[in-house]
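Let me begin by presenting the structure, written as structure tokens, before commenting on it.
The values are calculated or read from the model by the stated rules, or taken from the named source; none is laboratory data. Being a predicted model, the structure only gives us computed values, none of them experimental. A quick note on method: Cβ atoms are made from the backbone with ideal geometry, for glycine too, and the neighbour counts reach across all protein chains shown. Side chains are part of the model used for accessible areas, which takes the heavy atoms of the whole protein and leaves out ligands, DNA and RNA. Shrake-Rupley method; radii C 1.70, N 1.55, O 1.52, S 1.80 Å.
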Amino acid sequence: MSPVRRALIWLKDHPWVPLALVWCVVLFVLIAIDLKPDWLRVGIMGGLSGGFGVVAVQRATRADSRTAGVPSSQLARMEGQLKEGRVPEGDEEREAMRVLVTRRSARLQRRYRVLPVYALVCVGFCVLAYLSYGALITLAVAALVLALFAIELRELRQARRCLDRMHLALSEPAGTPSDPA
């Protein structure tokens, strides 16, 4: 098992770590926005933001596990197979993978539909930065927004390729060699 996969499994077993990371990021952003912050408000907002993020990810994982009819440990293995493009061997595993691919495809479509709203929010941040801080800060915010938008698009395209490749491989009969590229 690769070190990255071990780290991801460890993170799923320790949900407080992503919570702490999100809390630190929110804390940093809130302090950067308000140079004289109310520390209690900043701490609470950071904790709530991180908590909601962790709960959302865990709910989605449990829902995927229930829908596919597999335990969470097998779901983690199936996610690895999906990312690597390895098609499961047994009929039950193939059916569970079909269900997972269908569910993830629907979730991915919802993410594509949210992109215009995300772009509008990003433009709003740029306008607020311009009105509050001036042109130099606005350029920095715009660069950050464009970088985050590009990362999101790249992730969506990569996920779409993985799902399409697995869908195509699962449509072939079991035992038929498929192209892993």
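Observations, loosely collected:
- Note on the range 113-154: residues that are exposed (fewer than 12 other Cβ atoms within 10 Å of the Cβ) and not aliphatic (A, V, I, L, M) total 6.
- Selection within the range 96-111 - under 13 Å from Met166 (Cβ atoms), open to solvent by 60 Å² or more (accessible area, probe 1.4 Å) and not basic (Lys, Arg): Thr102
- Restricting Leu148, Leu139, Leu115 to residues that are more than 17 Å from the chain's Cα centre (by Cα) and farther than 25 Å from Leu168 by Cα narrows the list to Leu139.
- Residue list for the range 168-181, filter: surrounded by 15 or more Cβ atoms within 10 Å (Cβ to Cβ) and either modelled with pLDDT of 85 or more or out of contact with any helix residue (DSSP H, G or I) (no Cβ under 7 Å at 6 or more places or on another chain) (or both): Ala169, Leu170
- Here Glu93 fulfils each of the conditions (1) free of Cβ contacts under 8 Å to residues at least 60 places away in the same chain; (2) within 22 Å of the chain's Cα centre (by Cα) apart from (2).
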